[in-house]
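To keep things clear, I will list the structure first and then write my remarks on it.
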Amino acid sequence: MFYKLKRTWSHNDINYIPDFRETFPELKHLSSEELCDRFSSMNVDFYIAKKVSTPFLTRLTLPFALVLLLLMFIGLPLVFMITGNWGYGVGENARLNNWFKSLRLNV
């Protein structure tokens, strides 16, 4: 999830201060400049979500990923009978998991 975040620059910090005032009513007596100075003195960083586009060649593999996902779902009882665990390990299938995440199939 952290690869989708981008750090804001210091001049953009002031854009987040009204949200803090709504969330924390105790901060309403402070001005925006005072809040910005306090956040910068405490080394508080703000992050925004950036859009991550999927490469075209990866998007072309979507039909194969859906077929593989269906086969994995059908084979799940067999895996349970062999290993005793209901599900697939994340560490063993890291590349497969990353591929599904890049296609936004978050399994």
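Every number in this text was worked out from the coordinates using simple rules, so none of it is lab data. Keep in mind the model is a prediction, meaning the values are calculated, not measured. All Cβ positions, glycine included, derive from the backbone under ideal geometry; neighbour counts span all protein chains shown.
Taking label points 7 Å from Cα along the Cα-to-Cβ direction, residue 56 and residue 43 give a separation of 4.4 nm. If I model region 56-102 as equal point scatterers sitting on the Cα atoms and use the Debye formula, what is log10 I(q)/I(0) at q = 0.13, 0.15, 0.24 Å⁻¹? After summing over all Cα pairs, the log10 values are -0.34, -0.44, -0.93.
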